[in-house]
Structures are given as C-alpha cells and as structure tokens.
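Each remark here refers to the structure printed beneath this line.
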Amino acid sequence: MFLALSLATIFKTSIAIAIGYFLCQCGYNVLFHPLRHYPGPKLWAMTRIPYTCMFLSGKAHIRILEFHKQYGPVVRIAPEFLSMSHEDAMKETRDHRKDGKALLMKEPIHHADLQKTLFGATRDDHTRYRRAVAHGFSAKSMQDQQPLIQTYISMLMRRLREQCDGGSTALDMVKWFNYATFDVIGDLSFGESFGCLENSDYHPWVALIFDVVKDLTWRLSMKRYTLLAPLLKYLIPKQLSRRFEEHSELSRAKLQKRLATLTDRPDFIGSMIKARSKSENSISLSEIETVAAQLIIAGSETTATTLSATTYYLTRHPHVLATLCAEVRSSFSSEKEINLFNVQNLRYMMAVINESMRMYPATPGGQPRQVDESGAMILGQYVPGGTKIEIWQWALYHNPRCFTRPDDFIPERWLDDPHFAADKKDAFQPFSVGPRSCIGRNLAYAEMHLIIARLVWNFDIRLAQGSDDWDQRSNVLLLWEKPGLYISLEPREISS
Ligand code: HEM
C-alpha cells in the first residue's frame, strides 16, 4: 500500500515537473530567447509542436508562404528556427566562404542520419566526398554517359508506345518517369539498371526508397524532442523503420557486385574508386556505398518530379504545349538528331522546364542550415549563433514579393517578357548555390531536355480526366508525395 502510494506520488510529481518545465521553456522562448524580436506567430515561437505538426501534414509549404505574406521575408517558425523568403537569402547562407567551404553548416539534427553522404557530411568530409565523386559529373563523363542515357530514353519511348494503346489508355507518367530516371541512375551509380523499364514496374528497392524518405521525415521530426525521443520513436510506423535497414543492406550488396566487375565504366563508382588511389581524396569502401546509395535517391526522384510537373503544366496550358511542340518538331529532322548538344539550343524548352521548377520545385522544403557560434550577418541583420535557417523553395517561388503572378505558369517570364521585368530572378535557385549545391545539375538538365524533347517528338499529349488538380493534391514530406498523373499519349507518325 505504502509502496503503491509512493509510486503514484512519484508519477504525479514527475508529470507536474515535466509540465512546469515545458511551461517555463515556452515562457523563456517568447520573452528571453535571442530570437524573440523576430516576427512570427507567438505559439510557434513558444514551442516546436506546431512546427512538427505542420512538417508532418504535407502542407507545410503552403503555411510557410502564408506566414511570409503576413510577417515579411524573415519569420520565426519555431523557437530556434527562422524561415527566409528573400531573393538574397540563398546566396547569403549557402555560398562559398573565403576558404571555399559553405557559409553556414548543414543543420546537424536534420542531417544526422545522412552524415556519411554528401548531403549530411561535415564540412571536411564533404570536401573529400565531393572531390571523389566530381569526376563522374564532369563534362567529359557526361559525354561518355550520353549513349547509356539515350538507351534508357529510347526504351522509355518504346514502352510508352506499347502501353498507350494508340492513345486510348492514359498512363501514369509519375511512374514512367520514375522508371526511366531510376534505371539511368542505377546504371550510373551501381553499374546496372533496376530493370524498371524492362519490367514496366518498380524494382522492389525503388519502391522501398519512397518508404525510406517517409521514414526519414518521421525520424527527423521526432529527433528534435531530445527528452522524449526514446518514447516518440515508437510513433514511427514500424514497417517504415525496417525499410531503412533494408535499403542499407541492398546498397551494400549492389556495391559488392559492382566492385567485383572490374570495368572502366564512366560511372560514379568508377570515379570514386579512381579517387581512392589518390591519398588526398581517400574515401573508404563503406563511404562509397553510402554516397552511391544517396545518389540513387538524389538523382532519380528529383528529376522524375520535374518531368512530371513539366508534363502536367504543359498539358494544362495547351498554347504553351503548342509552342514547345513547334520548337522541337521544327528543330530536328529525325529523332536521332535529338542529342545533348542540340537540345541546348531549345530556348523555349529551357524556359518551360525552369518555369515548371519554379511552380513545383523538386526540393520544395527548407533544407535547414545552422549559424556558427559566432553568429552571422544575414539580410542586413545580426543572426545569433546556433540559429537554424530554412529557405522553403516553394514558398519563395510563389511569393508575390519575388514573382509577378506567382501562381501562373508563364514560361515567357524567363524569355525577357517586359511584363515580368520586376521578377527577382536571382531568387530562383532550384539547384541551390555554393559548395553544397547540386552536383547533378547538368545531368538533370540533360535528362529532362532529352526526355521532354523526345516525348513531344513521339506523341501528342493530353491531360486525362481526374488529374486536373494534380499539383494541389501533392504533399511535401521532405520530397513531393505525388498522386498519379494520367496522360493520354497519341503516337505520331514520324520517320525516326
Ligand atoms: C531536377 C533535378 C534536381 C534538382 C532540382 C536538384 C536539387 C538539388 C538541391 C536543391 C540540392 C541542395 C540540397 C541542400 O542544400 O541541402 C541538391 C544536392 C544534391 N544533388 Fe541534386 N537535384 C536534382 C537532380 C540531381 C541529380 C540528377 C543528381 C545526380 C546524382 C543529384 C545529386 C545531388 C547530390 C549528390 C547533392 C548533394 C550535393 C552536396 O551536398 O555536395 N541531383 N540537389
């Protein structure tokens, strides 16, 4: 009896202490925290809970934009987080420092599970990894990779012709673009494709990757609650946690297989193996494995997302589609002429792809950075050390402060149309800037140009019923969670 009573008392006292601590923390965050002077909703400044709920809701990008419209370019969105929506924010937080490294470091909690990848590496490891893999992304490597990329695009076109039933069956292009980009990146990373195009289906590993991204979204959110983290992790759906382990095991197996094949392929593993022989670039086999596994996610889903968005906006805007078709179909006399060099002359196509990335950026989220202990001057204000800074690309590109008619799809804004002279074009940095910007930018543009050019060369495309509000029905969970995008493809009679 005495024991039961004291246990109950201990329990109640602990709860009271926890609540008291929480309330004191909330009070401190609003009244005394170094970020107290920044504008933003008070509840969000008090505790991280509203931020976490927003992050997991899939609609954070929309909420962040509303905050910026209400409070201005810099908003406090959690006790120690600022969101910036300003044309200079990317440069002032992510560009090169004098020593060549990035101005602000990657926010440690957000990147904790990714420390052995380019994304999450510390500044020193990052320099080592980036040097090791850089050769695989050089102009010369891209030249050498072109035949391989074109082979997969040809297979994509063949499959689409087979599956579209002369135009009567609408196809889910999110899937088909994923099949193509995963096959390309699988081949460039591990020396073999995933066979998605061959089998017209997701390879189990590719399907797994989507769960891994969801698992990461949950992990990141829970990790921020230091005291409760051990309990909160049970909230993460179990099947998602297991997926992370499975992903690592499969990467290991793929690497072993590639290493056993002693070929001189122009792929990313080849680049890293060569770098291993130079001592200043030393990179261990386990690091090669994690870097390569990351390339699969970074290099496929993002490109497939942009291809899906481009196709969606084109089919929603028939006059834009008609102009693009005219450009592509008049620039070549046969499909064989559509190559890496020639597509760079398609000015309207470039504007269409950029406008699609503005409307629906492949990395829509905040990609947080952290200010060094000494603090930093950003956008003309002193920001205290330890502050975390997010720049939500979607919110920035839809902000009327930066773009005229921000919610309208108008490629002409990238073609010197005077109506858009006031657009703050510097705000548009879909691949980020500085030493941690996208290493795959040229590869991404190459794939996107070639695929869209060959798609409209081969087919007349039309949005099928039910996909009208595809962008509105998409959610952001680190990357986009996209619904099916159904497109009718009518094969054109052409000489190849
Ligand atoms: C439309 C397509 C793509 C977009 C919009 C995109 C965007 C980005 C962005 C914004 C970052 C910076 C992330 C951050 O600051 O935290 C990034 C990094 C990265 N991207 Fe891409 N990306 C695309 C395609 C690719 C491709 C095809 C690859 C090839 C494998 C790739 C590989 C990477 C890697 C490895 C990083 C990390 C770079 C580093 O930290 O040094 N991306 N990407």
note = Selection from segment 267-321 of residues touching a Phe, Trp or Tyr at 6+ places or on another chain (Cβ under 8 Å) and aliphatic (A, V, I, L, M) yields I269, I283, V291, A292, L295, I296, A298, A304, L307, A309, V320
Residue selected from segment 413-454 under the condition within 7 Å of the ligand (Cβ to nearest atom) and among the basic types (K, R), by the criterion farthest from H86 (Cα to Cα) = R441
query = Does I209 count as in contact with a Gly (Cβ under 7 Å, 6 or more places away or on another chain), modelled with pLDDT of 75 or more and more than 22 Å from Y51 (Cα to Cα)?
reply = no
Number of the exception - L43 against (1) closer than 30 Å to I269 by Cα; (2) surrounded by fewer than 19 Cβ atoms within 10 Å (Cβ to Cβ); (3) not β-branched (V, I, T) = (1)
inquiry  = List the residue pairs whose Cβ atoms are under 6 Å apart, where the first residue sits in segment 392-420 and is more than 27 Å from L478 (Cα to Cα), the second is modelled with pLDDT of 95 or more and β-branched (V, I, T), and the two are 6 or more positions apart or on different chains.
reply    = F420/T404
task = Output the strands (runs of 3 or more DSSP E) that fall wholly within segment 301-410 and possess 2 or more residues being surrounded by 22 or more Cβ atoms within 10 Å (Cβ to Cβ), or say none.
result = 388-390
query = Among T290, T305, T311, which is touching a Lys or Arg at 6+ places or on another chain (Cβ under 6 Å) and farther than 19 Å from Q145 by Cβ?
reply = T290
key: Residue in segment 330-352 that is touching a residue at least 12 places away in the same chain (Cβ under 8 Å) and closer than 19 Å to V476 by Cβ present   = no
inquiry  = Looking at (1) more than 21 Å from the chain's Cα centre (by Cα); (2) under 23 Å from H203 (Cα atoms), which one does G166 not meet, given that it meets all the others?
reply    = (2)
Segment 97-124 - residue that is closer than 21 Å to K274 by Cβ and in contact (Cβ under 8 Å) with a residue 60 or more places away in the chain and, of those, nearest to the ligand (Cβ to nearest atom) = L118
Condition broken by V133, with the remaining ones in (1) more than 11 Å from the ligand (Cβ to nearest atom); (2) among the β-branched types (V, I, T); (3) surrounded by 15 or more Cβ atoms within 10 Å (Cβ to Cβ); (4) under 14 Å from R436 (Cβ atoms) satisfied = (1)
Hey, H86 outside any helix (DSSP H, G or I) and either over 25 Å from the mean Cα position of the chain (by Cα) or without any contact (Cβ under 8 Å) to a residue 24 or more places away in the chain (or both) or not = no
task = Out of V174, V213, report the one residue that is among the β-branched types (V, I, T), surrounded by fewer than 20 Cβ atoms within 10 Å (Cβ to Cβ), under 18 Å from P483 (Cα atoms) and within 15 Å of the ligand (Cβ to nearest atom).
result = V213
inquiry  = Is it the case, given these coordinates, that P364 is touching a helix residue (DSSP H, G or I) at 6+ places or on another chain (Cβ under 9 Å), modelled with pLDDT of 95 or more and closer than 15 Å to S83 by Cα?
reply    = yes
key: Verdict on N342 being at pLDDT below 95, out of contact with any Asp or Glu (no Cβ under 7 Å at 6 or more places or on another chain) and at negative phi   = yes
task = Starting from segment 157-172, take each residue that is at positive phi and list its partners that are surrounded by 13 or more Cβ atoms within 10 Å (Cβ to Cβ) and not hydrophobic (A, V, I, L, M, F, W, C), counting only C-beta distances under 8 angstrom and pairs at least six apart or across chains.
result = G166/E490; G166/P491; G167/D460; G167/S488; G167/E490; G167/P491
query = For segment 268-319, what are the residues that are more than 15 Å from the ligand (Cβ to nearest atom), among the small types (G, A, S) and either closer than 27 Å to E246 by Cβ or free of Cβ contacts under 8 Å to residues at least 12 places away in the same chain (or both)?
reply = S277, S279, S284, S286
message = Of the residues Y38, Y51, only one is hydroxyl-bearing (S, T, Y) and assigned to a helix (DSSP H, G or I); which?
response = Y51
request  = May I ask you to say which residue of R219, R258, R224 is modelled with pLDDT of 75 or more, more than 30 Å from R131 (Cα to Cα), out of contact with any Leu (no Cβ under 8 Å at 6 or more places or on another chain) and crowded, with 17+ Cβ neighbours inside 10 Å?
outcome  = R224
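The values are calculated or read from the model by the stated rules, or taken from the named source; none is laboratory data. Treat the numbers as computed from the prediction; the structure is a model and nothing was measured. Every residue, glycine as well, gets a Cβ built from its backbone with ideal geometry; the counts of neighbours run over all protein chains shown.
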